[in-house]
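Okay, so here's the structure we're looking at.
The values are calculated or read from the model by the stated rules, or taken from the named source; none is laboratory data. Please read these numbers as outputs of a predicted model, since none were measured by experiment. Here the Cβ positions follow ideal geometry from the backbone for every residue, glycine too, while neighbour counts run over all protein chains shown. Quick note on the areas: whole protein, heavy atoms, side chains included, nothing else; ligands and nucleic acids left out. Shrake-Rupley method; radii C 1.70, N 1.55, O 1.52, S 1.80 Å.
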Number of protein chains: 2
Amino acid sequence: MNGAQAMIRTLVDSGVDVCFMNPGTSEMHFVHALDAVPEMRGVLALFEGVATGAADGYARMADKPAAVLLHLGPGLGNGLANLHNARRAEVPIVNVVGDHATYHAKYDAPLQSDIASIAKGVSTWVRSVESPESLARDTADAVAASYGAPGQVATLIVPADTCWLDSPGPVGPSAISGPSTVPSERIEDLAAVLRSGEPAALLVGGSAMRRGPLRDAARVGVATGAKVLSETFPTRAERGAGTPAVDRLAYLAEFAQMQMEGLRHLVLVDAAHPVSFFAYPDKASDLVPEGCQVHVLSAPDEDAPAALAALAAALDAPDDPPVIEASRPDRPTGPLNAETMAAALGALLPEGAIVADEGNTTGLFAQGATAGAPPHDWLTLTGGAIGYGLPAATGAAVAAPDRKVICLEADGSAMYTAQALWTQAREGLDVTTVILNNGSYAVLNMELSRVGAGDPGPRALSMLDIPGLDFVSLATSMGVPGTRATTAEEFTEQLEAAIAIPGPALVEAVVPSTL
Amino acid sequence: MNGAQAMIRTLVDSGVDVCFMNPGTSEMHFVHALDAVPEMRGVLALFEGVATGAADGYARMADKPAAVLLHLGPGLGNGLANLHNARRAEVPIVNVVGDHATYHAKYDAPLQSDIASIAKGVSTWVRSVESPESLARDTADAVAASYGAPGQVATLIVPADTCWLDSPGPVGPSAISGPSTVPSERIEDLAAVLRSGEPAALLVGGSAMRRGPLRDAARVGVATGAKVLSETFPTRAERGAGTPAVDRLAYLAEFAQMQMEGLRHLVLVDAAHPVSFFAYPDKASDLVPEGCQVHVLSAPDEDAPAALAALAAALDAPDDPPVIEASRPDRPTGPLNAETMAAALGALLPEGAIVADEGNTTGLFAQGATAGAPPHDWLTLTGGAIGYGLPAATGAAVAAPDRKVICLEADGSAMYTAQALWTQAREGLDVTTVILNNGSYAVLNMELSRVGAGDPGPRALSMLDIPGLDFVSLATSMGVPGTRATTAEEFTEQLEAAIAIPGPALVEAVVPSTL
């Protein structure tokens, strides 16, 4: 048995049985070994950002890591943006980066580069394998490290010769540490704070965005009058009819400030201290109002669901908080725009759907229109690095083959990692992609007006203008059937038809470029 | 005048008047300032790898840097693979990476990451701007640093507030150091070595691959009997009828070893010591034969063309070395394959064409078929990070608007940075793209058989199989006209028609997947 075979067997024995890959020569032994370990499913991507984004989407739905296989420093670079998003999502990923043979590095061959330096930006756990003897244990350690808590991108740099030389064989799983328990004194202290009756809010995020902990957060709200807010970009929010209403903190700083106005206490539950996504001249970076004290119920390495349950119990909170009733918007008619597009989605969203949302400006209405739809999961752009939606939808579909995945994708963002469509076609993944084509980097048009530089001139505006993209042809080029809609009626019919297809399909929604 | 305006004015005053960009919110002041400095041409890319690859292609043809504008760490990550190629090409690039405002970094907003750590893998010169007062001088320093010698990717990290705050104004160019002169003693020593009559070869690369120094290398060959070899992947080779014959060192180690067999002296002229591109079990990494002494005529920071001229003079070499006579293959007929495709290119290549070659396995015959074509330039994949061809062609076309650019692109490589086609359409760039579609990562099929792991199984082989791509639809999706050829006659006619179009066009050549 060579190192590669022992490595893949160890991954499988540690529970990792999907590998999203874009390999090169230095990874050929890994690829070769796929036939020796048939429990490992290799999923090929035509670009590394698809592989890493798919691993992110997979982990969000599977609650366990997939492996990624990348080719040296440049391959890692191509996958870096979506690893950044995964880092912010705090999901586990076993990020395997192939490297030159140990003895070859000194020759500075053309593809030689400092892989560890590139990886450090997205991984706090980075290890370079030193020998075929250590490879299997290093692999099991990478799996365990990826779980955290919190989940993280664990990067294992694997020189080619450690794969091709003889191995002593696979090893069993390394120990996973899991999240710490929040001390009961902290629960008691925060219960006292919330009992004070001073204006307060819970800000929930991360692992607290599932149905159970959201219900406990709502119970705390009912018991104390505290608002329940969620972070702006949750990793995975369980929502829809039967879940409690939670206000997402707005992306635009001024709206987020309005949501928190007058608060005296903000309790973070696996959520970061709210700050502005970007800095702007003469605007605040820290969005917490003056005079508001920030408390932490549960840090990212702690067990937030258990902490919320304990807090609800400490407050003797009622068992049945109000939840959202089932309701859907009517099928829309008339012009196609962000609002009617959202209504069509709300009218049609299947039960158990997974929405990978990178709709950006055009997706603003989608949250409201789907609030009362049947229960579903909503995945968002956690790290702000665009090009996440199509790959994340791909990985989510691999993780949850019995559920319909809907990808809401903006035209600009779609063009970063559109190669995901090819993987969807090849694997027959059940993904309906909606492209919101407004011919513009609309979010930047908004940002350009917000940075305080005065009215932009024509040369500046032309840099935000991206006309001429034909997403039906793009889908066709990769084997995905596509249609184009220009009215609300057309869009609704086409979306319905696409959802009915048990495999990938794309609907291009041509919408105005103004918000 | 704000910092951004001073920065762009400084770039222009330092000779940098093209910026390939994919900006985000933190770069909006830079974008806004484009209207204040109309001499700067902004060229928008839909993906960062297109911007960085275009800057590489631009620098190869313009012999000066373009600027690149990227958005924070993830944007840099997306551009990293082609910056890696540019680093290996030793071309100048001013790599501007926007960052959060200086005071915003501490809030760890979603897009915060360690930009410098990522940049170090591709840039030895990395500077983060500390204030609007230093921005203009930092910019001029970045331009000067990019020139080297040798040329390099100079990375300037620019916090948003240094752009939006008031600036003391632009500054003049910083001093460029330029290459050192090779000491005359070294010239004399190497002249003596070559006069010895022992089997010797010059290995030329980098700046020595232009017509003048190649002619001097050939003169040295005539005077001493030394072979003239070139590096495997030159940055820019001037070739065709009227240039001396130079053998490119083969990509496959065993062939390169045959080319160097029996040598007692190998003289490096702005070229790296020849090593295997990858390591393989039981094969050599260092390709220089035993008993062969390696000498350096000119290191990358030295003036190779002057050194070659001095060496030729020291050897009293004859003035007129033999050159390749004009000749073209006949227009091919019959099946379309790598050989007939190459013949069509040789038959049709226009004078002064620039070939951006990422044809990989299918491009193997193109060198021979174009050797006697009218004078042209040939750009290659210097760093091995695929996804270089389409962007490099784009940048070359910006640098040389009066010349026809031909991009030879493999199907697998094309899918990394196909977004370049959109920039070509938008800018009306005169690029003919030839996609060699064999439905396979054919180079990896070859590599898989070379890594000594035995016959691959079906699961391994499926990871190298990329069927179903339709490049005519892909071109259409981005506004580039495309056609598909399946015979040599069709290909020749379509290539001729595409070359006749004064703007972008694409020909998809469907070729067999076997070599």
Quick one: accessible surface of residue B:446, probe radius 1.4 Å, all protein chains present, in square angstrom to the nearest 10.
40
Shielding by partners, peptide A:474-480 (average Cβ within 10 angstrom, other chains)
6
For each pair in A:64/A:404; B:64/B:404; A:227/A:283, compute the distance between the two Cα atoms and list the pairs where it is over 22 Å.
A:227/A:283
Structure-based [θ]222 nm, chain B - -39500 (n - 2.57) summed over DSSP H runs of at least 4, per residue, nearest 500
-11000 deg cm²/dmol
Once you put a point 7 Å from the Cα of residue B:500 and another 7 Å from the Cα of residue A:130, both along the Cβ direction, what distance in nm separates them?
6.7
What figure, in Å² to the nearest 10, do you get for the accessible area of residue B:292 with a 1.4 Å probe and non-protein molecules left out?
20
Excluding residue A:21 itself, calculate the net charge of residues whose Cβ lies under 14 Å from the Cβ of residue A:21, where each Lys or Arg counts +1 and each Asp or Glu counts -1.
-2
Antiparallel DSSP beta bridges within the protein assembly as shown, as percent of all bridges there, nearest 5
10
DSSP bridge pairs, chain A: antiparallel proportion in percent, nearest 5:
10
Could you please tell me the mean projected area of the C-alpha convex hull for the range B:1-146, averaged over all directions and given in square nanometres to one decimal?
7.8
Buried area at the B-A interface (accessible, heavy atoms, 1.4 Å probe, summed, Å²):
7700
Based only on Cα atoms, what mean projected area does the convex hull of chain B have, in nm²?
24.7
Determine how large the accessible area of residue B:127 is when every protein chain is in place; take a 1.4 Å probe and give Å² rounded to the nearest 10.
80
So the FRET efficiency between residue B:198 and residue B:446, C-beta based with R0 = 51 Å and rounded to 0.05, is 0.90
From the convex hull of the Cα coordinates of the range B:340-494, what is the mean projected area in square nanometres?
9.7
Accessible area of the range A:260-404 belonging to carbon and sulfur atoms, whole % at 1.4 Å probe:
51
Could you give the length gained by full extension between residue A:465 and residue A:493, i.e. 0.36 nm per residue of separation minus their alpha carbon distance, to one decimal place?
7.2 nm
Calculate the length of the line joining the C-alpha centroid of the range A:210-262 to that of the range A:463-515, in whole Å.
32
Mean-position separation - Cα centroids, the range B:430-452 and the range A:101-127, in angstrom:
25
So, with +1 on the Cβ of K and R and -1 on the Cβ of D and E, and no other charges, what is the size of the charge dipole of the protein assembly as shown about its Cα centre, to the nearest 20 debye?
80
Counting only protein heavy atoms, probe 1.4 Å: which residues of the range B:442-464 lose 30 Å² or more of accessible surface in the full assembly compared with their chain by itself?
B:444, B:448, B:451, B:453, B:459, B:460, B:463
May I ask you to give the solvent-accessible area per residue for the range B:19-129, in square angstrom, as obtained with a 1.4 angstrom probe?
21
Local net charge near residue B:238, Cβ-Cβ under 15 Å (Lys/Arg +1, Asp/Glu -1)
+1
In the neighbourhood of residue A:275 defined by beta carbon distances under 12 Å, the net charge of the other residues (Lys, Arg +1; Asp, Glu -1) is -1
Where does the protein assembly as shown land on Rg(C-alpha)/(2.2 N^0.38 Å)?
0.95
What is the distance, in nm, between label points placed 7 Å from the Cα along the Cα-to-Cβ direction at residue B:189 and at residue A:294?
6.2
Heavy atoms only, probe 1.4 Å: what % of the accessible area of the range A:1-148 goes to carbon and sulfur, would you let me know?
46
One would report the Cα pair-distance distribution of the range A:432-472, bin width 5 Å, in %, as 6, 20, 27, 19, 13, 8, 5, 2, 0
At most 15 other Cβ atoms within 10 Å plus a DSSP loop assignment makes a site exposed; report the longest stretch of chain A without any exposed GluC sites (Glu not before Pro).
A:352-515
Percent accessible area from carbon and sulfur atoms, the range A:465-515, protein chains only, probe 1.4 Å:
60
